[in-house]
1. Could you give the accessible area per residue of region 359-464, probe 1.4 Å, as a whole number in Å²?
2. For region 280-285, just list the computed ³J(HN,Hα) in residue order, Karplus coefficients 6.51, -1.76 and 1.60, θ = phi - 60°, integers in Hz, with x standing in for Gly and Pro.
3. With the Cα gyration tensor of region 206-293 in hand, convert its eigenvalues to equivalent ellipsoid semi-axes via √(5λ) and list them largest first in whole Å.
4. Let me check I've understood the local charge: for residue 185, count other residues with C-beta under 13 angstrom from its C-beta, Lys and Arg +1, Asp and Glu -1. What total comes out?
5. Can you give me the long-range amide H partners of residue 8? Hydrogens built in the peptide plane at 1.01 Å from N, cutoff under 5 Å, separation of 5 or more residues or another chain.
6. Which trypsin sites (Lys or Arg not before Pro) in region 260-324 pass both tests, a DSSP loop state and at most 16 other beta-carbon atoms within 10 Å?
7. Once each part is reduced to its C-alpha centroid, what is the distance from region 160-219 to region 452-509 in angstrom?
8. What area, in nm² and to one decimal, does the C-alpha convex hull of region 420-459 cast on average over all directions?
Amino acid sequence: MNDTTLAQIETDIAIVGSGGAGLMCALHAHTANPDLSIAVVSKGAVGRSGCTRMVQGGYNAVLNDADSLDAHFSDTLAGGKYLNDQELAWTLVNDAPRVIHELETRVGCFFDRNPDGTIKQKAFAGQTFDRTVHRGDLTGIEIMSRLRDQMFRIGVRELEDTRALEILRGRDGSCAGLSCLDIQTGEFLIVRASVVVVATGGAATMFKIAAPAREKTGDGVAMLMRAGLPVRDMEMMQFHPTGLLAGESRMTGAVLEEGLRGAGAHLYNADGERYMGDYDPERLERSTRDVVSRSSYLEIMAGRGTPEGGVLIDISHLGKDEVERRFPGMVERTRLIGSDLATGPVNVSPTAHFHMGGAIIDRDCFTEIEGLLVAGEDAGGVHGANRLGGNGVAESTVYGARAGDTAARLAAERGTPPEPDRELVRRAVETALAPTARADGPDPFGITRRLKDTMWVGCGVVRSPDGLADTTGVLDELEAELEQVSVPDVRAFNPAWQEALDLRNQLLVARAVATGAMLRTETRGAHARSDYPESRDDEWLKYLVLRLDGEGFDIAEAPVEFSHSAPAGEAVES
């Protein structure tokens, strides 16, 4: 296809992704400079797809005089096992109270209140103070609904059902825009932009049991890697401890949120034993997600799981009326699958939930490519080895806002978008079309199923050398099959074609996860090795940096900079 025949649009700022990070970015960029043109490229419906709207629990912010930024920061580092980029973590903690105020007073969100009118904050696991802001157990819907309203007000250009394929660069190496595909029509599109912000979300759907929206297939991180950016902490995939088990239903993996354990829910194995006392006697069910997920997994693997392959969460001791009042969304969800959270135990399992790994950024969302910014789950470093519940939506809105402020300044400085390298456009289109040009190849849906099973078994909650070696071998096979995959030669709304394109991204990110998991010979946060069950601070207070190099990765190690706080035995750097 001759790229001169492709449709083109030109915009000052192109934002890939329409969750909390993407829409906060658009809002802040418009506020900073209303004269700028802004386009939001979304694989689904703008503001109504992705994961921010799925957030049940809440948003961590220091609002109470008895709490402190230092305490929130300390909890974040302890949860991240000191692998965090401390400048990014401190920025998160410092900005969160201001952003909560902005969400209420400017965006129009309304959070639960105390009798005196102050914002009500609840307990979340892994925190030393009850600092989680919420709207019942449907906090994400509140935030995204109001942000969606703001998009109507500011009038951004919305490219819904549009898949970003590749980052385009100019001849000088700077970012020049995006190559895109309209999912409904099958037509390709070039989006020329002075600034591109990538905020697509993570890649946890590569696992058999997973919590995120199904469109989150690692597209952003995969594009960033193919554009040449380094990524960090790719082995750090968080498994939320309480995902629903609902058989073959797509409800399997959906999260029952952290607030249940914060409110006093108990976890039991199939023998009726409340087992968290064996793993964290002090915090019990209020331990961090990595510890609780690993504990549940070990109970299941020891033969003490339920016939459904899980464990049981029970909060019915609070009383039916109280559970229904405090957690209406989750009660309704469990009733849809034949259980009832308000009256008895519910089957749950660890579920792939959030990727701590991603592109290397600074506190203003800059990357090493001029004109290319990254915000939200596509970026690594904020959470270290494990994310605290309530810090995720905080990250997306805090860094989405910062990306918008940066993008407005940068777009004004850069002016007219550079001309994209036409060879990059041609290759992006050719690669995307390849599955439609082949016949009698393997089915992409079958490859996806094998990927999910393989990652769950060999690169899941607890990893072993043999399991990781097997995973690597299967990934080799699946990558070879992807090169032969064929789909119907139909452009307009072709689910098989879209599956093949998803799979290309998922396999690349899966390869990075497995590579990091094989290299990190310790257990730290969300990464657990059966052959190295303890953390090794003497060897592994450092993070792995991967950069795509041909068919493999160039791998480097970088020490964590203890710019604000240091674990025992280490010194704070001056």
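The values are calculated or read from the model by the stated rules, or taken from the named source; none is laboratory data. Just so we're clear, the structure is a prediction, and the values are computed from it rather than from any experiment. Glycine also receives a Cβ, built like all others from the backbone with ideal geometry; neighbour counts cover every protein chain displayed. With ligands, DNA and RNA removed, areas are computed over all heavy atoms of the protein, side chains included. Shrake-Rupley method; radii C 1.70, N 1.55, O 1.52, S 1.80 Å.
1. Roughly 33 Å² per residue, with all protein chains present.
2. 8, x, 7, 9, 6, 5
3. Numbers: eigenvalues 190, 61, 21 Å².
Equivalent-ellipsoid dimensions as semi-axes: 31, 18, 10 Å.
4. Numbers: positive: 163, 491; negative: 160, 161, 182, 187.
Neighbourhood net charge equals -2.
5. Those lying under 5 Å, H to H, from residue 8 are 190.
6. On the way: sites: 261, 274, 283, 286, 289, 294, 304, 320; in loops: 274, 283.
Filter output for region 260-324: 274, 283.
7. Going from one Cα centre to the other spans 18 Å.
8. Working: hull surface 17.7 nm².
Approximately 4.4 nm², given one-decimal rounding.
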